[in-house]
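Working notes, beginning with the structure itself.
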Amino acid sequence: MSTKTYDAIVIGSGVIGSSITYELGRRGFHTLTVDRHGGAGFGSTSFSSAIVRFTYSTYPGVAMSYEGLRYWENWGEHLKADRGTELAKFSQCGMVTLKTTGGHHLKVLPHFDSIGIPYEDWDEENFQSHLPELDLRRFGPPKRPEDPGFWDEPTERLEGGLFTPEAGYVSDPQLAAHNLHAAAAALNCDFRFNTEVTVITQHGGQITGVELGDGTLISAPIVVNAAGPHSRIINEMAGALGDMSIATTPLRQEVHHVPSPNELDFEHRGFNIADDDNGIYVRPDVGNNILVGSTEPDCDPLHWVDADHEGQIQADQWEAQVLRLNRRLPDVGVPHQKRGVVGVYDVADDWIPIYDRTCIDGFYVAIGTSGNQFKNAAIAGYCMSELITAVENGHDHDADPVEVTGPHMGLAIDMGNFRRTRTVNPNSSMSVHG
Ligand SMILES: Cc1cc2nc3c(=O)[nH]c(=O)nc-3n(C[C@H](O)[C@H](O)[C@H](O)COP(=O)(O)OP(=O)(O)OC[C@H]3O[C@@H](n4cnc5c(N)ncnc54)[C@H](O)[C@@H]3O)c2cc1C
């Protein structure tokens, strides 16, 4: 029984799906967004550290994230939100990438220079004036606390850091998704929550719609997979895996929340820290807390899981991340209570997202966000809508990749970089700093 016809259906109302919905709505598409959870952003988005940074190793990655920044700086304006609407807040605390020998900062700098992204080259003196509590000794390569070398006293020091003053974090990632959902709903985009897509229908290689868990059929010539860690299941459902050379796989992740001592006041004096030397990333949080996540160092096993994975914090991983944090910021201390979240990344083989069409006409993917695309949600929504519009108007994106011009900075974003058929990008860092 067919109940309704739409211009487009989006599967998933996380921060990515909600953003795509909003942008399609702005372009006049009549859309339906379906999510098996009870509201927007209840999936992996809700566990996000929501760090906003631009330190990507490829030009399109840097360009996209720098365009993305402007949305967070003007969030209410982007959403056309009414005065009084509770909005996700962007805290522009800055971010330092600690310099390791041959490290990540070297990949980033040429792109910063060519785009004109402001940065400061911090030496010992800069660290001393901004955060003297930070121990700049070289602890790496990262180790686990059970390694006898973990507590060795280093004799060398790191070279300094690359500070980007415009970086920051969004304090409530779920609220950000909710804001996008509300903005899209105000444009008459429909949402169905507590509803699962169970079948993707097609005829002659062209998408025709979806079937929902209760047997309802919805028609649309366009379906977008924004299902987060369920992306592979949805691609299998559609039969769209055929020409994809990059796979997506769910990966378990823990982020731990540690109170900052009052004297340190990390909420107001602190900034995000990318610390490959120690295998962690760090950011301040409201209520004078510190978030500490992992940069997937070689010594930590990766836990590939089911898309529906839910788990408890593991004592040994909590200890590893909190003790690594204490090596860098010894004043933090080790709290009695083990607090944090267990989330799931949707990891692409090269940790770069797939924003693309597929081999089935009308079926699009915004997947493989690999623990680093919260910050890009708004610009990804924009880019996906541009791509969908171009392809639906006859553009052959496979032969001639769509190039999007960023609406804020005018930066060129080559969507070919995010193709499903690419070979693994050798410049990718294969890990994340949030
Ligand atoms: C622990 C953690 C830390 C992170 N830290 C950062 C960070 O600091 N900075 C950053 O930029 N990024 C970060 N990320 C990544 C970022 O949060 C994600 O890239 C982003 O939130 C993914 O959003 P999404 O909308 O694609 O997925 P999700 O939020 O998972 O949404 C997908 C939705 O699809 C729905 N769905 C799935 N299957 C179906 C179906 N069959 N029918 C209906 N609905 C379905 C689900 O219910 C879900 O709500 C982090 C991620 C995690 C997990």
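The numbers here are math on the coordinates, done by the rules we state, and not lab data. The model shown is predicted, which means the values in this text are computed figures rather than measured ones. Cβ coordinates were reconstructed from backbone atoms using ideal geometry, including for glycine residues, and neighbour counts include every protein chain displayed.
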(message) So the label point goes 7 Å from the Cα of Phe193 along Cα→C-beta, right? Which residues of the stretch 13-41 then have their backbone N under 13 Å from it?
(response) 13-14, 34-41
(request) May I ask you to compute the full-extension gain from Lys89 to Asp306, defined as 0.36 nm times their residue separation minus their alpha-carbon distance, rounded to one decimal in nm? (result) 74.9 nm
(message) Need one number: nm distance between label points at Thr389 and Ala81, each 7 Å from Cα along Cα→Cβ, rounded to one decimal.
(response) 2.4
(request) Mind pulling the angle between the C-alpha long axis of helix 104-115 and the longest principal axis of the chain? Nearest 10 degrees, somewhere in 0 to 90. (result) 60
(message) Limiting things to C-alpha atoms, what are the Rg and the maximum Cα-Cα separation (Dmax) for the chain, in angstroms?
(response) 21.5, 72
(message) Once you place label points 7 Å from the Cα toward the Cβ at Asp7 and Asn262, how far apart are they in nm?
(response) 5.6
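Could you compute the net charge surrounding Asn262? Neighbours are other residues with a C-beta less than 12 Å from the C-beta of Asn262; K and R count +1, D and E count -1.
Local net charge: -3.
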(request) For every helix of n ≥ 4 consecutive DSSP H residues, a contribution of -39,500 (n - 2.57) applies; sum these over the chain, divide by its total residues, and give [θ] at 222 nm rounded to the nearest 500 deg cm²/dmol. (result) -7500 deg cm²/dmol
(request) Rank-order 39-51, 104-116 by packing density, defined as the average count of other C-beta atoms within 10 Å over each peptide's residues, highest first. (result) 39-51, 104-116
(request) Tell me the label-point distance for the pair Leu217, Leu241, using the 7 Å Cα-to-Cβ offset, in nm and rounded to one decimal. (result) 2.6
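Quote to one decimal, in nm, the extra length available between Met409 and Val286 on full extension: 0.36 nm per residue of separation minus the C-alpha distance between them.
Here the segment from Met409 to Val286 would lengthen by 41.3 nm.
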(message) Given all pairs of different Cα atoms, what value in angstroms does the Kirkwood hydrodynamic radius of the stretch 216-268 take?
(response) 15.4
